[in-house]
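This is the structure I want to talk about, given as structure tokens.
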Amino acid sequence: MLERYEVGLAIEPVGLNPGAVATAWNDRIRRAHVPRRAVAAGMRMHIGDATLAILAPNGDPRVDVPSLVLRLERGSFSMLFMGDATEQAQADLLLSPNSLATRVYVPPHHGAASAYAVPLVDAIRPSAAVISVGAQNRYGHPTAETLAALGRVPTYRTDRDGTVELDQSGNAQLVVRIHANGLPPPRGGFLPHAPPAG
């Protein structure tokens, strides 16, 4: 991300435990001179005309690298990013299912299997789902269980669709555009479509 994009702010969970991942994160953010902010469940941040609600983590001491669960709100548009939320975090979120309704849903852990896949989709009631996943990844993501849970939801996958661009026009209609992004393939993978001409 830091090599490909201009990053204005890095957010991280409060209580990031020491370890290889945290050390690498700290080093990269410091070298890039990116401002950072530690956040916890229940906090809200304003970024331009959007609001970012932090839904998780709740400080599970068994998790070395707690994953943020974020809900982006901008006017009538909303998008739920589940990150790498553990099954315990997913279960905790489902204790308040009415708070999860969201226009666009990004399932946890690149579409990995979860005992809560169906209850999450039922609670979120998304108009669309986006799964960020590497082409031909060795984990088999997204799993059949996750795709079955999303069976009635239009689902876009970066391994098949390339870049997924969401646009909500003035009349609140959600427009989804997909296109290969022309970036070099990561780790020997392949782009699912040829880069656009010109």
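Here, each number is a calculation from the coordinates, and none is a lab measurement. Keep in mind it's a predicted model, so treat the numbers as computed, not measured. Quick reminder, even Gly has a Cβ in these numbers, built from the backbone with ideal geometry, and neighbours come from all protein chains shown.
Can you order the peptides 69-81, 24-36 by their average number of other Cβ atoms within 10 Å per residue, highest first?
Output ranking for 69-81, 24-36: 69-81, 24-36.
Based only on other Cβ atoms within 10 Å, what is the fewest-to-most ordering of Thr158, Thr23?
Thr23, Thr158
Okay, next question. With the contact rule set at Cα under 8 Å and sequence spacing of 6 or more, what percent relative contact order holds for segment 1-119?
That works out to 18 percent.
Please give the calculated 222 nm ellipticity per residue for the chain, where each DSSP H segment of at least 4 residues contributes -39500 (n - 2.57) and the sum is spread over every residue; nearest 500 deg cm²/dmol?
Dividing the helical sum by the residues of the chain leaves -5000 deg cm²/dmol.
Just want to confirm a number: the relative contact order over segment 42-188, from Cα pairs under 8 angstrom separated by 6+ residues, in percent.
15
Any chance you could tell me what percent of the C-alpha pair distances in segment 76-150 go past 20 Å?
22
Relative to the Cα centre, what is the charge dipole magnitude of the chain, using +1 at the beta carbon of each Lys and Arg, -1 at the beta carbon of each Asp and Glu, and rounding to the nearest 20 debye?
Result for the chain is approximately 240 debye, rounded to the nearest 20.
Peptides 85-94, 145-154, 101-110: what's the order by average Cβ count within 10 Å, highest mean first?
Peptide ranking by packing, descending: 101-110, 85-94, 145-154.
Separate question: In the chain, what percentage of the DSSP-assigned beta bridges are antiparallel, given to the nearest 5?
Around 60 percent antiparallel, to the nearest 5.
With springs only between Cα atoms under 10 Å, which of Arg177, Arg160, Arg125 fluctuates most in a Gaussian network model of the chain?
Arg177
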